[in-house]
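Quick notes on the structure that follows.
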Amino acid sequence: MQVTSKVAVLFITVQYNVTISANEGLSEESVVNHFHHGLKDLATIFFYMLVAIIIHAIIQEYVLDKINRKMHFSKTKHSKFNESGQLSVFYLFSFGWGTSILMSENFLSNPVSLWDGYPHTLMPFQMKFYFISQMGYWLHALPELYFQKTKKEDIPRQLVYIALYLVHIAGAYILNLNRLALVLLVLHCFVELLFHVSRLVYFSNERRQTGFTIWAVLFVLGRLLTLSLSVLTVGFGLSNADQQGLDLVNGNFNVLLVRIAVLATICVTQAFMMWKFINFQLRRWREQAQPQALKPKKLQAPKTKSKKDKANGVNGVSSNGADSPRAKKEKSS
């Protein structure tokens, strides 16, 4: 409708378009569209939060609920299966989309670009839409706590989980650390995808636990790579950058206090994740060791009497307490 089209564009399309002309040859020029962030992005994030709720409901209704009816899971497994099913789809989508952006922008082949030319206020369309989709998805997880009828004891864990994602993604988006955040998100999504797929396989057959072992190794390596890239980019790259100082207009946050706050946030988060990981592994080992400890020891069967002893009685005494004929003959001799 023409009346509401101007308002609808604010919600649906990506805002803050900047057109840049690039000289490809001596006479040819190409127009490249880039985007920066602003307050209007809140409306776009809200719209795609609603889209995420609809997609969540479709996956739940037409995929996960049908599998649940066939498998007949318990209430605990039912909720965990739904959680892993939804997150597996999201992490697979995020990992594939993020990897394609990294390949197209050549961030992996040129790691210096993670901090070179900071502040990175301009983003290609795919990168900006990627971050808007990420924030929209994790915001949609808040009303999903009500829609999915999450247990009261599980709500604090879910809120911490959601808050960590929103703080890190929104923080990197506002501070123009989108290149570093994109690399770390792709790495994190791959590790989390492996965990939730292994969890789904485990629910179908509890003997299949190889995926958890592979995930445990990659989880530790992922934390080390995250810390290494963060220290390399923020601690060394930005500290030696040409543009230093706080400039809100130009989006430059390259000051010592901000760098320390970013590194401290990342380090505390990685330490928290490692602590949760160690507790998870210890609980898993206890669960595996408990059935072995509860196995009853085999009792030795009592020795059965031979037929000859039963007939003659034990030690020359018959079953009715009287001497057997053989014992009488021995006594008389």
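The values are calculated or read from the model by the stated rules, or taken from the named source; none is laboratory data. Note that the structure is a prediction, hence the values are computed from the model and not measured. Cβ sites come from the backbone with ideal geometry, for glycine too, and all protein chains shown count toward neighbours. To get the accessible areas, we keep the full protein, side chains included, count just its heavy atoms, and leave off ligands, DNA and RNA. Shrake-Rupley method; radii C 1.70, N 1.55, O 1.52, S 1.80 Å.
May I ask you to list the residues in segment 204-246 that are of a type outside the set (A, V, I, L, M, F, W, C) and touching a residue at least 60 places away in the same chain (Cβ under 8 Å)?
S204, T233, G237, Q243
Can you confirm whether Y48 is among the hydroxyl-bearing types (S, T, Y) and open to solvent by less than 50 Å² (accessible area, probe 1.4 Å)?
The answer is yes for Y48.
One line per residue, one yes/no per condition, for (1) open to solvent by 90 Å² or more (accessible area, probe 1.4 Å); (2) out of contact with any strand residue (DSSP E or B) (no Cβ under 7 Å at 6 or more places or on another chain):
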| position | (1), (2) |
| --- | --- |
| L224 | yes, yes |
| V234 | no, yes |
| G237 | no, yes |
| D242 | yes, yes |
| G245 | no, no |
| G251 | no, yes |
| V258 | no, yes |
| L263 | no, yes |
| V268 | yes, yes |
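Whether any residue in segment 55-77 is of a type in the set (S, T, Y) and either within 18 Å of the chain's Cα centre (by Cα) or not in a helix (DSSP H, G or I) (or both) is what I want to check.
yes
Report, by residue number, each residue of segment 61-78 that is of a type in the set (S, T, Y) and either in contact with a Phe, Trp or Tyr (Cβ under 9 Å, 6 or more places away or on another chain) or at pLDDT below 85 (or both).
Selection gives S74, T76.
So that you can scan it fast, the table gives a plain yes or no per residue for (1) open to solvent by 10 Å² or more (accessible area, probe 1.4 Å); (2) over 15 Å from the mean Cα position of the chain (by Cα); (3) among the hydrophobic types (A, V, I, L, M, F, W, C); (4) more than 28 Å from I58 (Cβ to Cβ):
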| position | (1), (2), (3), (4) |
| --- | --- |
| N82 | yes, no, no, no |
| S100 | yes, yes, no, no |
| P111 | yes, yes, no, yes |
| M123 | no, yes, yes, yes |
| I132 | no, yes, yes, no |
| Y137 | yes, no, no, no |
| Y146 | yes, yes, no, no |
| Y165 | yes, no, no, no |
| H188 | yes, no, no, no |
